[in-house]
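Trainee: Below you'll find the structure I mean.
The values are calculated or read from the model by the stated rules, or taken from the named source; none is laboratory data. Since this is a predicted model, take the numbers as computed values, not measurements. In this analysis, Cβ positions are derived from the backbone assuming ideal geometry, glycine residues included, and neighbour counts consider all displayed protein chains. When the accessible area is computed, the model is the full protein with side chains, heavy atoms only, and any ligands, DNA or RNA have been set aside. Shrake-Rupley method; radii C 1.70, N 1.55, O 1.52, S 1.80 Å.
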There are 2 protein chains.
Amino acid sequence: MITHIFVTNRLLKIMRRDVFQAIADPVRREIIELLADETLTVNTVAQKFDVSRPAISKHLKILKECGIITINKQGRERLCQIQPKNLIPAFLWIEQYRNLWEDRLDSFENYLTKLQTKNKENE
Amino acid sequence: MITHIFVTNRLLKIMRRDVFQAIADPVRREIIELLADETLTVNTVAQKFDVSRPAISKHLKILKECGIITINKQGRERLCQIQPKNLIPAFLWIEQYRNLWEDRLDSFENYLTKLQTKNKENE
DNA sequence: AAATTGCGTAACCGAATGATTACACATATA
DNA sequence: TATATGTGTAATCATTCGGTTACGCAATTT
């Protein structure tokens with residue numbers, strides 16, 4: 001797993017646009033949520049938002065540049081498809097700290113149970 | 001779990017500075033990495049970076065504002081302590097898509113080795 | 001009491017970001 | 001062939017971001 005994180009960190013330094021930046025924008029997160037369910041054309045995506053189509057086009061470009069989606073020409077339309085595996089680096093980075101928050105929750109639970117037994121002893 | 005994600009999304013919409021924005025900046029990610037190991041004073045954190053102390057101060061403020069760290073006065077120093085559980089919303093958001101990438105991946109190892117060869121090509 | 005230290009913040013600056021409108025161009029349709 | 005549709009992109013703009021220097025203030029040290 002250390003190797004994974006190492007690769008992740010190296011990758012983040014190499015990429016111009018990294019995954020963290022990509023998912024920092026709420027519109028882009030919504031786009032990801034949409035495309036997680038189904039492959040959509042650029043226009044279909046744009047219609048779900050209040051912002052203009054060119055704005056969505058740019059967001060899609062960013063998502064494409066960091067590998068989170070692919071855009072495939074089909075006639076005059078472009079199909080946007082999610083590439084979920086490219087979320088993994090971000091996932092791994094956060095997951096490093098999972099044991100940290102779980103440890104503290106555990107110790108909190110232990111603390112609570114200790115309190116409870118103590119209370120029972122006093123009763 | 002669905003409830004968690006619902007809460008997460010609502011939370012993200014309410015917060016001015018959200019966790020995703022906080023971890024979008026590489027300096028702030030490094031700060032988190034530092035504080036994951038130990039509680040540090042503002043100056044100690046600043047000394048680990050090339051940027052000025054006020055710049056670090058701002059980063060710390062942002063991390064504080066979205067709950068990822070707490071800053072406690074101790075004499076004239078300020079102790080910065082990680083609050084890892086506040087990374088959970090970001091973790092949960094990405095984790096929604098975990099089954100998606102796990103379904104499509106033949107094996108995680110393959111993915112990583114591909115990444116590694118890609119990195120070597122880029123060098 | 002005076003000097004030093006740790007830190008926050010204001011003022012400022014250049015670059016990046018996210019949005020818009022206008023346009024170009026390929027593809028489908030009439 | 002003429003028109004309509006789907007899309008990318010250039011030009012432009014306001015805002016945000018991340019950095020700096022200069023300063024102020026509280027707490028410690030001398």
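Trainee: To the nearest 10 Å², what's residue A:27's accessible area with a 1.4 Å probe?
Mentor: Approximately 30 Å² for this residue.
Trainee: Provide A:41, B:70 ordered by accessible surface of protein heavy atoms (probe 1.4 Å), highest first.
Mentor: B:70, A:41
Trainee: With the crude spin-label approximation of a point 7 Å out along Cα→Cβ, what separation in nm comes out for residue A:73 versus residue B:103?
Mentor: It is 3.0 nm.
Trainee: Now for a separate question. Got a number for the accessible area of residue B:91? Probe 1.4 Å, square angstrom, nearest 10.
Mentor: It works out to around 10 Å².
Trainee: Now for a different question. For every other residue with a beta carbon closer than 10 angstrom to the beta carbon of residue B:20, add +1 if it is Lys or Arg and -1 if Asp or Glu, then tell me the sum.
Mentor: Numbers: positive: A:28, A:29, B:17; negative: A:25, B:18.
Taking every Cβ under 10 Å from that of residue B:20, the sum is +1.
Trainee: With just the Cα atoms defining each centre, how far is the range B:40-103 from the range A:58-78? Give it in Å.
Mentor: The distance from the Cα centre of the range B:40-103 to that of the range A:58-78 comes to 32 Å.
Trainee: Please report the net charge: other residues with Cβ closer than 11 Å to the Cβ of residue B:63, K and R +1, D and E -1. Write down the numbers at each step before the final one.
Mentor: Details: positive: B:17, B:28, B:29, B:58, B:61, B:64; negative: B:25, B:65.
That works out to +4.
Trainee: When all protein chains stay in place, what accessible area (Å², nearest 10, 1.4 Å probe) is found for residue A:25?
Mentor: Residue A:25 has an accessible surface of roughly 40 Å² with all protein chains in place.
Trainee: Under a 1.4 angstrom probe, counting protein chains only, how are B:77, A:95 ranked by accessible area, largest first?
Mentor: B:77, A:95
Trainee: With respect to the cross-link table entries A:48/A:73; B:61/B:85; A:48/A:85; A:61/B:48, which display a Cα-Cα separation exceeding 27 Å?
Mentor: The answer is A:61/B:48.
Trainee: Using a 10 Å cut-off around each Cβ of peptide B:71-84, what is the average number of partner chain Cβ atoms that fall inside? Could you put the intermediate results ahead of the total?
Mentor: Details: counts 0, 0, 0, 0, 0, 0, 0, 0, 0, 0, 0, 4, 3, 11.
Whole-number average of other-chain Cβ neighbours for B:71-84 is 1.
Trainee: For the range A:39-105, go through all pairs of different Cα atoms, get the mean of 1/r, take its inverse, and jot down that Kirkwood value in Å.
Mentor: When all Cα pairs of the range A:39-105 are included, the Kirkwood radius is 13.8 Å.
Trainee: Explain nothing, just compute: Karplus ³J(HN,Hα) = 6.51 cos²θ - 1.76 cosθ + 1.60, θ = phi - 60°, for every residue of the range B:72-81 in order, whole Hz, x for Gly and Pro.
Mentor: Each residue's phi maps through the Karplus curve to give 10, 5, 9, x, 9, 9, 10, 8, 9, 10 Hz.
Trainee: Every other copy gets compared here: list the nm distances from the residue B:74 label point (7 Å along Cα to Cβ) to its counterparts, shortest first, one decimal.
Mentor: 5.8
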